Structure formats: structure tokens, C-alpha cells
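Everything below concerns the one structure shown next.
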Amino acid sequence: MNKIKILVLLSLLVAAFLLDVAMGSVHIPLKDVIKVLFTPDGGNDTWVYIIEKIRLPKALTAIIVGCGLSVCGLQMQTLFRNPLADSSVLGITAGASLGVALVMLSAGSITSLYTIKELGISGSWLIILASSLGAALIMILIVGISSSLKDNVIVLIVGVMLGNITFSVISIWQYFSSPELIKDYLIWTFGSLGGVTGGQLLILAIVVSAGLLISFLSSKLLDALLLGDNYARSMGLTVKRARILVIASTSILAGGITAFCGPIGFIGIAVPHLARALFGTSNHRMLIPVCCLIGTVLMLVCDIVAQLPGSQTVLPINVITALVGSPVVIWVIAGPKKLRGF
Amino acid sequence: MAGQKILLQTSGLTVGYRSGRNQSKAVAGPLDLTLYAGQMICLLGPNGCGKSTLLRTISGLQEPIEGRIELEEKNLRQMKPSQIAQKISLVLTDNVRSANLDVYSLIALGRYPYSGWLGILTDHDKLVIDQAIKATGTGAFLGRKIDSLSDGECQKVMLARAMAQDTPLIILDEPTAHLDLPSRIQLMRLLHQLAKETDKAILLSTHELDLALQVADRIWLMSSGGRLDAGLPEELVLNGAFQHAFNKDEIEFDAATGTFNIHYAGKQTISVTGDSTAAFWTRKALIRNGFSISAAAEKKLTVSGEDNHPVWEVDDNGKRAVYTTLREFLDTIKI
């Protein structure tokens with residue numbers, strides 16, 4: 001039964017991937033997309049360029065982001081035993097935003113403005129660096145505070161509050177910034193899968209793979225955490241060490257992805273619930289790969305929808321993930337099946 | 001019961017809470033306790049006397065304020081969590097309500113201290129799990145989700161998980177809370193049986209005084225002041241420890257019956273003759289209605305006849321009356 005579900009998901013993945021590459025402002029027939037992707041000389045040079053330089057990196061980014069954010073959400077929900085937890089609640093996304101705001105809103109800083117204008121907003125190494133540092137800063141703060149706290153719920157609240165403080169700082173900064181600078185920052189907050197190409201894509205892939213590996217290796221301790229801190233400890237788990245490991249891998253995943261693609265919401269909350277509902281398991285050795293699969297499919301679908309098929313307009317990805325993710329969250333909270341667990 | 005192998009020993013142990021860095025509040029102690037293999041020990045005591053704190057400290061979840069705990073002759077505080085996990089398993093009052101966790105997976109988590117990095121079960125693990133399932137009678141609901149279990153079933157599953165952890169000591173914190181009477185009896189009987197058959201030591205806290213008196217090999221009786229009396233159930237009844245631990249205003253422990261008296265001593269007295277079941281229940285009915293039973297009373301009641309057709313004869317200073325139903329008798333005598 002599970003094998004069939006995985007096969008269905010895999011074929012959905014292939015279909016969504018091809019469709020995502022085929023979609024865009026320039027119409028390329030599916031047949032030619034396959035030709036470009038799988039044969040050495042694909043024919044039409046423009047199409048080859050569009051696919052290899054723009055659409056393929058974007059689709060690959062969607063896959064990486066889908067995997068990373070879903071697993072982040074899964075880990076957070078288990079660690080905090082809270083069905084609505086994801087990486088954004090820990091303030092990690094907020095930290096990344098702070099880093100980006102720091103660069104973009106430093107009024108009069110000509111160098112930063114120059115690099116942004118030259119390389120595009122999401123493509124700037126400066127932005128990526130600032131975002132990663134911001135995420136790391138909040139992560140170190142949380143790990144530091146949490147090492148002296150016993151209760152995971154309190155860690156969660158501390159994370160939410162740190163996020164609030166960070167966003168307040170950003171808001172104050174925005175309030176005193178000129179409209180053009182605010183606009184750039186706002187566009188970054190919409191999130192974007194495009195613009196991660198070449199070397200950046202490679203780095204994103206390495207960072208996310210590392211995070212996923214750590215979280216797969218911690219699947220056993222995540223299972224133990226399902227029973228709560230006391231039971232986990234009674235089974236020989238050093239809860240503080242486990243918590244630091246989980247927060248670290250979450251930070252690597254969320255920090256890296258936010259740095260390259262902006263804050264992308266709702267995937268992290270929604271996908272773990274879909275995975276658990278679909279496979280009816282709480283075994284993380286199973287859930288982590290399944291989350292990757294569903295997250296990938298969902299992210300690709302969101303990207304397809306964002307192209308507004310048949311039009312020249314591209315909507316910000318964050319808008320679409322919220323449109324798709326929020327109903328899932330509502331279904332979890334108020335739906336007919338009891339899915340409130342984690 | 002095999003020998004008198006000492007599993008756990010405490011010396012000068014004081015338990016309590018730490019509030020702040022250097023402040024602590026002692027709840028109970030100093031305690032010198034010994035726990036032998038194959039024993040079932042019931043920890044009794046009024047609410048708030050520190051039963052859970054003691055259990056949490058013994059199981060290593062909480063640091064002692066003072067004193068030493070030795071687990072199989074090793075200092076508990078110097079043992080790693082993973083080492084303790086192979087010696088002590090727990091059934092806690094913590095609510096485990098993970099919607100997607102099925103019973104078998106939960107029981108299998110008991111093998112956590114023994115499995116490798118990814119938690120893959122070996123054939124031996126599966127064997128131990130199957131034994132735990134069999135011993136606890138949880139085989140019937142293996143495929144179900146934890147959410148769908150009743151409180152009684154859930155406790156059994158948590159016990160099965162502790163059994164799968166395969167430790168010489170199992171500690172249970174109020175396992176009978178929230179259970180109905182048959183489930184309570186069933187669980188206590190099961191624990192007693194496990195202690196006898198597997199030579200594991202079982203330490204549990206409970207409020208089930210009468211059940212504990214029936215099944216425990218030893219009773220640890222805590223009083224609100226932090227005192228702990230340990231001994232055979234009968235010893236503690238006879239030496240007055242129970243009265244001391246539970247006596248509050250208006251409630252008294254009756255050493256003759258091993259129960260607490262709910263009723264005040266009555267003002268009217270009556271003597272009751274007869275040793276049938278009917279006579280026994282008539283005494284209970286009289287006490288409930290405010291009578292004291294005394295052989296020297298002026299009112300004399302004789303319960304005669306067969307059990308299914310008892311006859312109540314009252315002799316009140318020569319005034320005699322005969323009743324054929326208990327209700328009629330009570331209605332008249334209450335005035």
C-alpha cells in the first residue's frame with residue numbers, strides 16, 4: 001500500500017517537474033522540453049538557453065526548497081510537540097530577514113545598493129551572507145538560551161518572542177527608511193525561486209543536503225521525543241543534546257533556504273501534516289523521505305501556479321504557498337479527521 | 001523469588017525541588033531505602049507528600065538535594081542516561097497522545113536504549129517486544145493508534161513499552177489513576193504477576209490503599225512531613241504507621257478492617273447478634289445510619305433465619321418487634 005503511494009507521488013513529482021519547466025512566459029511544447037532535457041543537442045537555441053539557464057535551475061531550487069522546508073517543519077513539530085510549529089516560529093526566518101534588512105535598508109550605503117542593482121536582489125552574495133548571518137545569530141541565541149531551559153514549550157515561546165523582537169527592529173528600521181529601499185526589501189520578503197543559478201544553486205544544494213542528512217540521522221531521537229521529554233530521557237536520550245542537534249539542522253536548512261530564496265511560509269507547516277495523514281505513521285525514518293517527496297511536489301505545483309499558466313505575469317511564490325498552505329492548516333485544525341496530533 | 005539481590009539502595013537521600021541556582025526546597029528525607037529484585041513495592045502517601053518527586057529522583061530524571069543513590073552498586077549520578085535506561089524503565093503520568101503513533105511502534109520504542117543509530121530493530125529486539133506484548137496482554141490492539149485507546153488500555157501499552165525496555169527495575173507513577181475499578185484491579189494483579197514471574201522489581205506510587213495492602217511485598221509509606229516508613233503491609237498496619245500517615249481531622253484509619261472510616265461514631269448504640277451475611281450487612285447499614293455497635297447496648301438486635309430470608313428481631317427493654325425486610329427495620333429504628 002505504501003509502495004503504491006510512493007510510486008504515485010514519484011510520478012506526480014516527474015509530471016510536476018516537467019510541467020514546471022514547460023511553463024513560463026515563452027511557450028515551449030512539452031515534447032521539446034523533454035528533448036532539451038534528455039538529449040545532448042536539444043535543437044532551438046533560445047529554448048535550450050531558457051530551459052538550461054532559467055527554468056531548470058528554478059525547478060531544481062523548488063525541489064531543494066520543498067525538501068528542506070518540509071523537513072524543518074516536521075522536526076519543529078516533533079521537537080515542540082506542537083502541530084503548528086515550523087522554522088518561522090523559532091525566529092530563524094526573522095533572523096534571516098534582519099540580516100537582509102540590515103543590508104538593504106542601510107540608507108546611503110552605496111556599495112550594497114550597487115551590488116543589489118548589479119546582481120539582482122535575490123542573486124546578491126551580500127544578501128545571502130547577511131541573511132545567513134542573521135539566521136545564525138538567532139539560532140545561536142536560541143541554542144544558548146535553550147541549553148539552560150528544561151521545557152520545550154518555553155523554548156518555543158522564547159523563539160516566537162525573539163522573532164517578534166527581530167521583526168520590530170526591522171519595522172522601526174523600515175519606518176525611517178526611504179520608500180525605494182523599503183520597496184526592495186518588500187520584494188525580497190515575497191520570496192523567489194528564480195535567481196538561484198550556477199554556483200549559488202550548488203551551495204544551496206550542499207547546505208540543504210547537509211541539513212537533511214543530519215535530520216535523517218536524528219530520526220531515532222525524534223521518534224523518542226514523540227513521547228515527551230521525560231519518557232525520552234528515561235529511554236536514555238540526552239534531551240538537551242538532541243534539542244541542540246535538531247535546532248542546528250533546522251537552522252542550517254531554514255537559514256540557507258531563506259538566504260537564497262527569501263522567507264517562504266506555510267510549506268513547513270502543511271507538508272508534515274499531509275505526510276502523516278497520507279501514510280498514517282509517526283516513524284521519522286519514514287516521514288522524513290515522505291516529507292521530502294510531498295514537499296517537492298507541492299513546491300513545484302506552487303511554482304506552476306505562480307506562473308499563472310497562459311499569462312505573462314509571475315506572482316510572488318510566498319503568496320501562492322500561503323494560498324495553498326493555509327487551507328491545509330485549517331483542515332488540520334478544524335477538519336473531520338483527527339489530525340491535530342504530531 | 002530469587003535470593004535477596006539488592007537492586008537499588010539510597011543512603012541519606014533528600015529529595016525536593018531546586019528553585020533558582022542555590023536554593024532548594026526539601027520535600028522528603030533523609031531516606032535510607034533498599035529495593036530487592038523480584039519485589040513489588042507500593043509507595044503510598046497523601047497528595048503532595050513527595051511521591052512523584054521521590055520516584056523521579058530515583059529514576060534519575062531529577063537530581064537529589066542530598067544523599068546517594070546506588071543502582072546495582074554504582075552511583076546513579078555518575079551513570080549516563082543511556083546506562084540508566086538499561087536498568088530502569090518508567091511509566092509516567094505524562095500524557096502520550098501522538099495521533100499517528102500506533103501501539104506496536106510505541107512498544108517498540110522501548111528498545112531505544114539497545115538499537116543503533118537509526119533505530120532499526122534486530123530479531124532479538126522483536127522477540128523481546130513480542131514477549132512484552134504477550135505478558136501484558138496487549139496483542140489485541142497492536143494496529144490501533146494511541147489516540148483510540150481507553151485509559152486502561154493505554155496504561156497497559158505503556159507498561160508493555162517499559163517491559164520491552166527489559167530493565168531489572170520498572171517504576172510506575174500512579175498507574176491506576178484515571179482507571180475504573182476493574183482495570184485498577186487488573187493492572188495491579190498484572191504487576192504483581194510480572195514481579196513474581198520475571199524477577200523484576202516493580203516500584204509504583206498509588207492511592208489504592210486496599211489493593212496495595214493485598215499485592216505489595218513491601219510498602220513505602222510517606223507522610224506529609226517527609227517521613228517514610230518501609231515495611232511489610234501488615235507491619236505498617238500493626239505499628240500504627242498508617243494511622244499516622246493518613247490521619248487528618250475527621251478521618252480515621254481502621255486497623256481492624258484495613259479501611260478508612262467514612263462515618264462518624266454514632267450516638268445511639270445497639271447490639272447485633274448473628275454471624276450470617278445478612279448480619280454483616282445489617283451492621284454496615286446501622287453504622288451508616290449513625291449507630292454504634294456495642295454488645296452492652298440496651299437495644300438488642302438478633303438477625304436470624306436463612307440468608308435469603310433473614311428475620312430481624314429487636315428487643316428494646318422488653319419491647320419486642322420482628323421485621324422481615326431490612327428497610328422496614330431501619331425505617332422504624334431510625335425514628
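Computed over the range B:95-165, the range of Cα coordinates on each principal axis works out to 31, 24, 18 Å, biggest value leading.
Counting other Cβ atoms within 10 Å of each Cβ, which chymotrypsin sites (Phe, Trp or Tyr not before Pro) in the range B:1-104 have at most 11 and sit in a DSSP loop? Could you put the intermediate results ahead of the total?
Numbers: sites: B:17, B:36, B:104; in loops: none.
In loop regions of the range B:1-104 (DSSP not H, G, I, E or B), there are no sparsely surrounded chymotrypsin sites (Phe, Trp or Tyr not before Pro).
When only Cα pairs below 8 angstrom with a gap of at least 6 residues are kept, the range A:1-92 shows a relative contact order of 16 percent.
Look at the dipole of chain A built from charges on Cβ: of A:187, A:141, A:79, the Cα furthest out on the positive end belongs to A:79.
Here's the list of lysines a cross-link from residue A:31 could span, going by alpha-carbon distance under 28 Å and ignoring same-chain residues fewer than 8 apart: A:5, A:53, A:58. A Förster distance of 30 Å, applied to the separation of the beta-carbon atoms of residue B:325 and residue B:267, puts the FRET efficiency at 0.75.
When Rg is the radius of gyration of the Cα atoms in chain A and Rh is its Kirkwood radius, what does Rg/Rh come to?
Values: Rg = 20.2 Å, Rh = 20.6 Å.
The Rg/Rh ratio comes out at 0.98.
With the cut-off at 1.5 for a/c, could you classify the protein assembly as shown from its C-alpha gyration tensor as rounded, prolate or oblate? It comes out prolate by the Cα gyration axes.
Send over a whole-number figure in Å² for the accessible area per residue of chain B, probe 1.4 Å. Before the final figure, lay out the partial values.
Values: 16850 Å² over 335 residues.
Using a 1.4 Å probe on heavy atoms only, each residue of chain B averages 50 Å².
With coordinates expressed along the principal axes, the C-alpha atoms belonging to the range B:268-334 extend over 28, 23, 21 Å, beginning with the largest.
Please calculate how many Å² of accessible area chain A carries per residue, with a 1.4 Å probe and no DNA, RNA or ligand atoms counted. Walk me through the intermediate numbers first.
Details: 14320 Å² over 342 residues.
Per-residue accessible area for chain A comes out at 42 Å².
Sort the range B:182-335 into rounded, prolate or oblate with this rule: let a ≥ b ≥ c be the square roots of the eigenvalues of the Cα gyration tensor; rounded if a/c is under 1.5, and if a/c is not under 1.5, prolate when a/b is larger than b/c, oblate otherwise.
Values: a/c = 3.38, a/b = 2.03, b/c = 1.66.
It is prolate, given that a/c is not under 1.5 and a/b is the larger ratio.
With only Cα atoms counted, the range A:120-235 has Rg and Dmax values of 18.4, 56 Å. Per the 1.4 Å probe, what fraction of the accessible area of chain B, in percent, lies on carbon and sulfur atoms? So the carbon and sulfur contribution to the accessible surface is 50 percent. Need one number: the % of Cα-Cα pairs in chain B sitting beyond the 38 Å mark. Within chain B, distances greater than 38 Å cover 33 percent of Cα pairs.
Distance between the modelled labels on residue B:181 and residue B:224, one decimal in nanometres: 2.9 nm (7 Å Cα→Cβ projection). Binning the C-alpha pair distances of the range A:1-67 at 10 Å intervals from 0 yields a P(r) profile of 19, 48, 24, 8, 1 %, listed from the shortest bin outward. A cut-off of 5 Å between modelled amide H atoms, ignoring neighbours fewer than 5 places along the same chain, links residue B:268 with B:292. For the residue pairs B:145/B:200; B:25/B:87; B:5/B:25; B:126/B:200; B:51/B:126, alpha carbon separations beyond 31 Å are given by B:5/B:25; B:51/B:126.
Tell me which GluC sites (Glu not before Pro) from the range B:61-131 have a DSSP coil assignment and no more than 16 other beta carbons within 10 Å of their own. Present the calculation step by step, with values, prior to reporting the outcome.
Numbers: sites: B:66, B:70, B:72, B:73; in loops: B:72, B:73.
In loop regions of the range B:61-131 (DSSP not H, G, I, E or B), the sparsely surrounded GluC sites (Glu not before Pro) are B:72, B:73.
Among all helices in chain B defined by DSSP H, which have a length of 24 Å or more along the axis from Cα atoms plus a Kyte-Doolittle mean of at least -1.0?
On the way: long enough: B:181-198 (25 Å, -0.14).
Result, helices passing both filters: B:181-198.
At the nearest 100 Å², what buried accessible area, both sides summed, do you get for A and B when the probe is 1.4 Å? Present the calculation step by step, with values, prior to reporting the outcome.
Working: alone 15680 and 18130 Å², together 31170 Å².
Using a 1.4 Å probe on protein heavy atoms, the buried area is about 2600 Å².
The values are calculated or read from the model by the stated rules, or taken from the named source; none is laboratory data. These figures come from a predicted structure and were not determined experimentally. Reconstructed Cβ throughout: ideal geometry from the backbone, glycine too, with neighbour counts over all protein chains shown. For accessibility, only protein heavy atoms count, side chains too; no ligands or nucleic acids. Shrake-Rupley method; radii C 1.70, N 1.55, O 1.52, S 1.80 Å.
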